[in-house]
Every structure is written in structure tokens, then in C-alpha cells.
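Reviewing the structure listed below.
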Amino acid sequence: GQLPLFSSDIKVMENGLKVGIIGFTTDFIPIWEKAHNLENFEVRDTFSSIQSIHDELKPQVDLLIGIYHGGFEYDLATHEQLSTSSENIAYKICQELAFDVLLTGHQHVPLKDHDLFGTHVVQPPHNASQYAEIIVKKDDQTASFKITSDLKPAGDTPDPTLYQALM
């Protein structure tokens, strides 16, 4: 069968805020993954795969979050192109789609509290050494969001309650 390159959901918060979440990955998986692990999977182009679900979810939600196992193909300070492959396309995603928040990974370059084409982008470093804390505040009069983020140390010992909940 065919499985999508993404997963999506709409969560309604206690205050009624509708949050759309789309999780997706790079289409470079076949390059590093063993072929037998990809049997019964079809890996498609990342951008075109998520564009339609983005366009479907965006009008239904107040806040749209992308969770992307991929990185940036342009330097975020100089906007110089670093890569022409489709492995990392977070810059293109921010430029052409209207996510409010895009959580990125894959390159493991610490990035916090950064805005790119109206999308708040965050990327934690390697090996879960830090986690992203994202604060979203809604201005009820303008219906706009103020989004800030920080990277916090993960610590050596997981919170036992969270650890049990995730097991």
C-alpha cells in the first residue's frame, strides 16, 4: 500500500483555539535507509506532498504548526543558498507556505526565536541535549499571534512522569 509522507491532525485547545499539526520528513530517506525497511512504502516529493494538506488545513485552524525532519537549504543570516538538493527545504517551505511555526531538525544547528517569511522557526541541537520551549500568545483584538521560543537544557534525568507517559 501507499503511505503518506506526512501525518496531520487538528487539536482544539481548552480555550477553543484550533491548532493544526502536520508532521513530515525529507524525501531523502531512501538514500540512507535500508531497502528492506522501505518495502510497502512509497517516498514522495516532500513539498508537493505537504502542500495540498497545508492548503486544506490552513483555513480550518487558528494556528498551523509544521514538524519537519529536515533543515534549511539557505543560510538564515545571509540568505545564501547552501544546497540545491531536496534534502533540506525548510526555507522554501517558509517562503511558499503559511505555517505559523515550523519545528525543524536533521541539521542539528541550534536555532531559536527566529522568524522567516512570517514563520517562527526552531531547531534543537543533536542528541536531545536541548528542547524547544515555544510560547504562543494570541492578541484577541487583532487575532494575531506573538510567538517566542528558547532552547532549554534537557538535563541528565528525564521527568519520571513524562518518561512513563511516553513509554
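Data for the structure
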{"read-out": "Mean ellipticity per residue at 222 nm, deg cm²/dmol - from DSSP H runs of n ≥ 4 across the chain, formula -39500 (n - 2.57)", "value": "-4500 deg cm²/dmol"}
{"read-out": "Solvent-accessible area, 1.4 Å probe, carbon plus sulfur percent, for the chain", "value": "52 percent"}
{"read-out": "Loop-located GluC sites (Glu not before Pro) in the range 72-167 whose Cβ has at most 13 other Cβ within 10 Å (DSSP)", "value": "E80"}
{"read-out": "Normalised contact order of the chain, rounded percent, pairs of Cα under 8 Å and 6 or more residues apart", "value": "15 percent"}
{"read-out": "Mean shadow area of the chain, taken as a quarter of the surface of its Cα convex hull (nm²)", "value": "11.8 nm²"}
{"read-out": "Given K11/K152; K34/K137; K58/K152; K11/K34; K34/K146, the pairs whose alpha carbons are separated by over 32 Å", "value": "K34/K137; K11/K34; K34/K146"}
{"read-out": "Stretchable slack from V109 to L82, in nm (0.36 nm times residue separation minus alpha-carbon distance)", "value": "8.3 nm"}
{"read-out": "Electrostatic dipole magnitude of the range 79-167 [Cβ: Lys, Arg +1; Asp, Glu -1; Cα centre; debye, to 20]", "value": "40 debye"}
{"read-out": "Net dipole in debye of the range 36-77 [+1 Lys, Arg Cβ; -1 Asp, Glu Cβ; about Cα centre; nearest 20]", "value": "80 debye"}
{"read-out": "Sequence-distant residues sharing a close amide H with H120 (under 5 Å, placed H)", "value": "V101, L102"}
{"read-out": "Choice from G70, G155, G23 showing the highest fluctuation, given a GNM over the chain with Cα pairs closer than 10 Å", "value": "G155"}
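The values are calculated or read from the model by the stated rules, or taken from the named source; none is laboratory data. Predicted model only: the values in this text are computed from it and were never measured. Please note: Cβ atoms are built from the backbone with ideal geometry, for glycine as well, and neighbour counts cover all protein chains shown. These area figures cover heavy atoms from the full protein model, side chains too; ligands, DNA and RNA do not enter into them. Shrake-Rupley method; radii C 1.70, N 1.55, O 1.52, S 1.80 Å.
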